[in-house]
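Chemist: So that we are looking at the same thing, I have put the structure below in structure tokens.
The values are calculated or read from the model by the stated rules, or taken from the named source; none is laboratory data. Bear in mind the structure is a predicted one, so any value in this text is a computation, not a measurement. Every residue, glycine as well, gets a Cβ built from its backbone with ideal geometry; the counts of neighbours run over all protein chains shown.
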Amino acid sequence: MKEQKKISPKKTTTCCYCGVGCGIVVNKDAHERIIVEGDKSHPVNKGMLCSKGLNLHYTVNDKSDRLLYPEMRYNKNMPLQRVSWDVALDRTVAVFKALIKKYGPDSVAFYASGQCLTEEYYVVNKLTKGFIGSNNIDTNSRLCMSSAVVGYKMSLGEDSVPISYDDLEIADCIFVAGANPAWCHPILWRRVEAAKQKNPDLKIIVSDPRKTQTCSIADIHLQLNPGTDITLHHAIGRCLIEDGKIDHEFINNKTNGYENYRSSVFQTSLTDAAGICGIKESDIRLAASYIGNAKGFITMWTMGLNQSVIGTNKNLSLINLNLITGHIGKPGSGPFSLTGQPNAMGGREVGGLSNLLPAHRILANERHRNEVEQFWQIPLGTINPKPGLTATEMFDELNTGKLKAIWILCTNPLISLPDVRNAEQGLKKAKFVVVQDISNKVETLQYADVVLPAAAWTEKEGTMTNAGRYISYLSKVTNAPGEALADSEIICRFARKMGYHGFNFKDASEIYAEHAALTEGTNIDISGLNYQILKEKRAVQWPYPKLEKRPGTARLFEDHEFYTPDKKANILSFSDKNQSEALTPQNPLILTTGRIRDQWHTRSKTGKVNKLNQHISESFLEINPDDATPRNIKDADIVEISSLRGNVRVKAKLSTDIKPGVVFMPMHWGLILKSDLNRVNNLTNNLIDPISKEPDFKYSAVQVKLYKKE
Ligand code: SF4
């Protein structure tokens, strides 16, 4: 076949999947179909793309599943019908006004996504906190990043990733805790693999109850029991202290809390710690020696630490290893939380969590509230100091009836929330549900009173911030199908119809300019940044203040002055006891959930791509033969997994890569096949970390049986 002539000038954008944030060059063929290739000039990926990024064009070229027009049902028993934008938004305005008048502003909520662009996050946060008068705006980033946010804040004084991606290439020890970047952050991991090839002395430590692809280049895999991460980190800390491998000068001059930390890590002997973790004492010592001998040491983690009922303390215990060794603010050193979603960090920058204000300002701080109120030109005292509902709390409050209406943007909670059948009950009880999405297949549509079609990737412009503080621009390349609109435009139209001022933005660049101006003088100041600079440089790291000549800030804390009141970092101490659901004779196995290489979240995009479905085509349960054999389970048998919340049925995959006593299911599958029996969140529990409010996805008590048809 003759190659299609490329007719459009190339435009640059950013991958809309994981938090690595790879740069992409987009072109169109003669049939207006998108063609993608890696952007060689982008500092993050230097031209590389993983399997998901390489196949992104399929997800936008195939418009068969797109929502094209606003739809509405006139009562809960009627089907959705096509209506105009005015009719859909007028109805939503009328219902929101009536509910707010009768029950108060906290009777409504917005549930957004780490896949929203920064500009979209900004306007929905402004609408909710500044004008509706509620803090009920939270996002699915609560499900993946909030423990890291709190960890950074408590230890460093600010939600701030200290390192640059380039630091990974000059570190000589990287400790990957509770993460599988080889599958979940592939391009970043390729950079680490290349660094390891160049420098065989680079030591890689992995801690994970599963032997994953990431372990293939690890010098040591600490296959710990789920929930024992703090014990492991404390034990490594103890070894470093005993071996004299800590940085006394840094500890004395730049930190608080070391003495308490020292006594807390010495409370458990190394032998006991090894027993609790289910690993060899000698392996703990070896890992500690790699760290102790390193000139540059990076800790890298993601959901294995974050998604836990003790997620905040897991984060703090790992960051402590950087602090006691002084490995922060130096080349090749620092703590580094990987974000799961492409714009989890951008959402936090605009304050898109129920306890935050723009530019990481604090809701509870009156001066911060007043700064924002003055900037938004709203009366002082408008912003409520009380935190709003978090992700899981919103669905709990729909169940109790306290929350009446929810507006769901760009996320699919009926697959992704823990204890999802409880969340589904909440949606059934809601008085009013708005769903704003690109896909006509998301499960929430069955409960929607109003459906608002949104523009997808390449159909709108904006920005995102990746896991390394790199802010990156996304071009609009094609028009959205039907009457779909950019998410920010939908929110602004609604706000104007509500009668609110401050939503007359000419385009996304004006929203960005307002957001950037509001950061001025804060720790994340990007007031010197605009779309023009981003288009030229492709990606820059915040902060980027006005009058700044340098291209962003590669590494934070080089002066070892932290964002705490006394400018010292906090080495914090706490118990290492796990608080997860107890195992019982009825539910004796630990279920942990996670991603697979070629699927993304709830498969609304990757599920459309045949090439990606070929990698692993259906959900499964990974189980050790030691647990399968006594249950008469063989490879590929159908098994039923049950917990106190519900059950699922999938094929068993027998593997010695997972520890006995632990089973794994991917998070991606759900109702798309019109059966919820492959939806892992039927099983997960609704416990949350008391500080970060992040769910405990990595530890639910379950039973597994061979499934026999009655
Ligand atoms: Fe996209 Fe992440 Fe793959 Fe990069 S590594 S191409 S950001 S999915």
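Chemist: Select from the range 144-155 the residues that are of a type in the set (A, V, I, L, M) and surrounded by 24 or more Cβ atoms within 10 Å (Cβ to Cβ) and write down the one among them that is farthest from G352 (Cα to Cα).
Modeler: Looking at residues that are of a type in the set (A, V, I, L, M) and surrounded by 24 or more Cβ atoms within 10 Å (Cβ to Cβ), I get A148.
Chemist: For the range 185-225, how many residues are closer than 14 Å to D657 by Cβ, of a type in the set (S, T, N, Q) and assigned to a loop (DSSP other than H, G, I, E, B)?
Modeler: 2
Chemist: Let me ask something additional. Residue check: is N343 in contact (Cβ under 8 Å) with a residue 60 or more places away in the chain and of a type outside the set (D, E)?
Modeler: Yes: the conditions hold for N343.
Chemist: Across the range 53-92, which residue is farthest from I490 (Cα to Cα) among those that are in contact with a helix residue (DSSP H, G or I) (Cβ under 6 Å, 6 or more places away or on another chain) and either within 11 Å of the ligand (Cβ to nearest atom) or modelled with pLDDT of 95 or more (or both)?
Modeler: The selected residue is N55.
Chemist: Name the one entry in K608, K659 that is under 21 Å from P585 (Cβ atoms) and among the charged types (D, E, K, R).
Modeler: K659 is the lone residue from the list that is under 21 Å from P585 (Cβ atoms) and among the charged types (D, E, K, R).
Chemist: Next question, about the same structure. When you scan the range 616-628, do you find a residue that is at positive phi, modelled with pLDDT of 95 or more and not aromatic (F, W, Y), even just one?
Modeler: Looking through the range 616-628, none of the residues is at positive phi, modelled with pLDDT of 95 or more and not aromatic (F, W, Y).
Chemist: Output the number of the condition that H185 fails; it satisfies all remaining conditions of (1) closer than 20 Å to K314 by Cα; (2) surrounded by 21 or more Cβ atoms within 10 Å (Cβ to Cβ).
Modeler: (1)
Chemist: Within the range 320-355, which residues are within 16 Å of S164 (Cα to Cα) and either assigned to a helix (DSSP H, G or I) or more than 16 Å from the ligand (Cβ to nearest atom) (or both)?
Modeler: N322, H327, I328, G329, K330, P331, G332, S333, G334, P335, M345
Chemist: Of the numbered conditions (1) within 16 Å of the ligand (Cβ to nearest atom); (2) in contact with a Lys or Arg (Cβ under 9 Å, 6 or more places away or on another chain); (3) modelled with pLDDT of 95 or more, M145 fails exactly one; give the number of that condition.
Modeler: Single failed check for M145: (3).
Chemist: So, one more: Kindly indicate which of N578, N681 is part of a helix (DSSP H, G or I) and within 21 Å of L143 (Cβ to Cβ).
Modeler: Of N578, N681, the one residue that is part of a helix (DSSP H, G or I) and within 21 Å of L143 (Cβ to Cβ) is N681.
Chemist: Taking into account only those residues within the range 20-33 that are more than 8 Å from the ligand (Cβ to nearest atom) and surrounded by 22 or more Cβ atoms within 10 Å (Cβ to Cβ), which is nearest to T478 (Cα to Cα)?
Modeler: V26
Chemist: I need the full set of residues from the range 477-524 which are under 25 Å from the mean Cα position of the chain (by Cα), assigned by TED's automatic domain parsing to the domain that holds A88 and without any contact (Cβ under 8 Å) to a residue 40 or more places away in the chain, in order please.
Modeler: Of everything in the range 477-524, just one residue is under 25 Å from the mean Cα position of the chain (by Cα), assigned by TED's automatic domain parsing to the domain that holds A88 and without any contact (Cβ under 8 Å) to a residue 40 or more places away in the chain, namely E489.
Chemist: Just name the residue that is farthest from the ligand (Cβ to nearest atom) out of those in the range 34-50 that are surrounded by fewer than 24 Cβ atoms within 10 Å (Cβ to Cβ) and of a type in the set (D, E, K, R).
Modeler: K40
Chemist: Would you be able to say whether some residue in the range 676-684 is of a type in the set (S, T, N, Q) and closer than 19 Å to Q599 by Cα?
Modeler: Yes: one or more hits.
Chemist: Still on this model: If R369 passes every condition in (1) touching a residue at least 60 places away in the same chain (Cβ under 8 Å); (2) more than 22 Å from T302 (Cβ to Cβ) but one, which one does it miss?
Modeler: (1)
Chemist: Which of the residues belonging to the range 292-327 are surrounded by fewer than 24 Cβ atoms within 10 Å (Cβ to Cβ) and in contact with a Cys (Cβ under 8 Å, 6 or more places away or on another chain)?
Modeler: Those that are surrounded by fewer than 24 Cβ atoms within 10 Å (Cβ to Cβ) and in contact with a Cys (Cβ under 8 Å, 6 or more places away or on another chain): G292, N293, A294, G296.
Chemist: Go through I204, I170 for me and flag whichever is touching a strand residue (DSSP E or B) at 6+ places or on another chain (Cβ under 6 Å) and either within 16 Å of the ligand (Cβ to nearest atom) or touching a residue at least 12 places away in the same chain (Cβ under 8 Å) (or both).
Modeler: Matching residue, one of I204, I170: I204.
Chemist: Taking the criterion of being at pLDDT below 95, at negative phi and in a loop (DSSP other than H, G, I, E, B), would at least one residue in the range 650-665 satisfy it?
Modeler: No, the range 650-665 contains no residue that is at pLDDT below 95, at negative phi and in a loop (DSSP other than H, G, I, E, B).
Chemist: Let me ask something else. Tally time: how many residues in the range 243-276 are outside any helix (DSSP H, G or I) and among the β-branched types (V, I, T)?
Modeler: Residues meeting the conditions: 3.
Chemist: Being within 30 Å of F574 (Cβ to Cβ), out of contact with any helix residue (DSSP H, G or I) (no Cβ under 7 Å at 6 or more places or on another chain) and surrounded by fewer than 24 Cβ atoms within 10 Å (Cβ to Cβ) is the requirement here; does D166 meet it?
Modeler: no
Here's the yes/no breakdown for (1) buried (at least 17 other Cβ atoms within 10 Å of the Cβ); (2) closer than 22 Å to P200 by Cβ; (3) out of contact with any helix residue (DSSP H, G or I) (no Cβ under 8 Å at 6 or more places or on another chain):
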{"site": "P226", "(1), (2), (3)": "yes, no, yes"}
{"site": "H234", "(1), (2), (3)": "yes, no, no"}
{"site": "L240", "(1), (2), (3)": "yes, no, no"}
{"site": "E259", "(1), (2), (3)": "no, no, yes"}
{"site": "V265", "(1), (2), (3)": "yes, no, no"}
{"site": "K280", "(1), (2), (3)": "no, no, no"}
{"site": "A288", "(1), (2), (3)": "yes, yes, no"}
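Chemist: Continuing with this model, one more query. Can you find a residue in the range 214-224 that is within 16 Å of the ligand (Cβ to nearest atom) and either in the same structural domain as N313 (by TED's automatic domain parsing) or within 26 Å of the chain's Cα centre (by Cα) (or both)?
Modeler: The answer is yes, given that some residue of the range 214-224 is within 16 Å of the ligand (Cβ to nearest atom) and either in the same structural domain as N313 (by TED's automatic domain parsing) or within 26 Å of the chain's Cα centre (by Cα) (or both).
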